[in-house]
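Visitor: Provided herewith is a single structure, encoded as structure tokens, for subsequent inquiry.
The values are calculated or read from the model by the stated rules, or taken from the named source; none is laboratory data. Please read these numbers as outputs of a predicted model, since none were measured by experiment. Virtual Cβ from ideal backbone geometry, glycine too; neighbours counted across all protein chains shown. Remember, those area values only see protein heavy atoms, side chains included, never the ligands or the DNA or RNA. Shrake-Rupley method; radii C 1.70, N 1.55, O 1.52, S 1.80 Å.
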Amino acid sequence: MTVHLSFLLILTGLTGVHSVTTVSKVSVKAGDSITIPCLYGSQYTNHVKYLCKGYYWKLCLVEAQTNQPRSSRKFSICDDKKQRIFTVTIQNLTNTDTYYWCVVEMNGGADDGQNFHLSVTTDTPSLSVDHQEITGFIGESINISCYYRNSGESEWCRLGMNCVTGSSGSIDGTSVTISATVPNVFTVTMSGLKTESSGWYYCVKGELQMPVHVTVTEKPTTMSKDPSTVQQNSLSIHLKSFIIRLSLLTFIVIVGLFIWFMFKRYKRTKADSTTAKAEEDLRHSNAEEYSKEVKGRE
């Protein structure tokens, strides 16, 4: 079977009929999912693309295609016509998920595709990354850690373009450095990111590749605040809160004192009124007694 497939790939390569570019071999863990990018020529933008499962080209089974809605939880496909890349995602990987083809449907001719091999393991994959999706900001840098257990040369490539081999280089105007200061890990640093830096890349170690999608955007303004400004704003908020509390407390004290003053005044006024009435009653009483005494003398 290997001889047959090799002959097919050599033949198509010599005749130059390949319309799709993708990775060749990816190490994955059983139960996980993987997304594979498939790059195609601009002349096939409006053509149907599909994922086909099987070792042999003529006997493979179509699992997902762009002109039909998603019909399986295991397989999905998405076509980014601007980037000219369609991606296929395979969920819940098992040891039967080994040979697949990224295919472009040819209108009026034989379809054309490129195969990729998934090496499914129950152990840690031989080449892996933390995440297949990573986001960076224009003008800044990103780091991608590629973990490996196999041997071979370390590379960082952009799908359909050149690769950086060794410690440094550039891809499409973006500076790339590769360092290996930690055992079984090589770290890729992309510096001076541009909007055009967005796209699909992949780590390479020996015969294995691992796809990574990079998205480059404008840095949100909320993330660029000066720490001193944030501290000043925090102090200002605390000061305003203190002043509000102090003002409220002062108001409560003033109202309390006013009520207390009015109550004392009321009691004083009532007491004075009671005393005056008592004195008035006493005068009337004395006057009546005096009048009685005068009458008695007469």
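Visitor: Could you sort 45-51, 248-254, 33-39, 176-182 so that the peptide with the highest average Cβ count within 10 Å comes first and the rest follow in order? Let's see the in-between values first.
Guide: Details: 45-51: 18.7, 248-254: 10.0, 33-39: 20.7, 176-182: 14.6.
So the order, starting with the most tightly packed, is 33-39, 45-51, 176-182, 248-254.
Visitor: Taking amide H atoms as placed 1.01 Å from N in the peptide plane, list the residues 5 or more away in sequence, or in a different chain, whose amide H sits under 5 Å from that of Lys25.
Guide: Under 5 Å from the amide H of Lys25: His117, Gln209.
Visitor: While we're looking at this one, here's another question. Of the options Tyr100, Ser141, Thr124, report the single residue whose Cα projects farthest towards the positive end of the charge dipole of region 100-229 (beta-carbon charges: Lys, Arg +1; Asp, Glu -1).
Guide: Among Tyr100, Ser141, Thr124, the one farthest towards the positive end of the dipole of region 100-229 is Ser141.
Visitor: Using a 1.4 Å probe, what is the accessible area per residue for region 38-106, in Å²? Don't skip to the answer; put the middle values down first.
Guide: On the way: 3720 Å² over 69 residues.
Accessible area per residue, region 38-106: 54 Å².
Visitor: For Asp130, Asp79, Asp32, what's the largest-to-smallest order of accessible area, 1.4 Å probe?
Guide: Details: Asp130 100, Asp79 40, Asp32 75 Å².
Final ranking, largest accessible area leading: Asp130, Asp32, Asp79.
Visitor: Using the heavy atoms of the protein chains alone and a 1.4 angstrom probe, what is the accessible area of region 155-227 per residue in square angstrom?
Guide: Working: 3370 Å² over 73 residues.
Per residue, region 155-227 has 46 Å² of solvent-accessible surface.
Visitor: Go through Tyr100, Tyr56 and list them by solvent-accessible area, largest first, probe radius 1.4 Å. Walk me through the numbers before you get to the answer.
Guide: Values: Tyr100 0, Tyr56 70 Å².
My answer, sorted largest first, is Tyr56, Tyr100.
Visitor: Give me the percent of the accessible area of region 88-180 that comes from carbon and sulfur atoms, probe 1.4 Å, all protein chains in place. Don't skip to the answer; put the middle values down first.
Guide: On the way: 1810 of 4310 Å².
Answer for region 88-180: carbon and sulfur cover 42 percent of the accessible area.
Visitor: With 32 Å as the limit, write out which pairs from Lys240/Lys267; Lys25/Lys49; Lys49/Lys219; Lys58/Lys81 have Cα-Cα distances beyond it, or answer none.
Guide: Numbers: Lys240/Lys267 41 Å; Lys25/Lys49 20 Å; Lys49/Lys219 34 Å; Lys58/Lys81 27 Å.
From Lys240/Lys267; Lys25/Lys49; Lys49/Lys219; Lys58/Lys81, over 32 Å: Lys240/Lys267; Lys49/Lys219.
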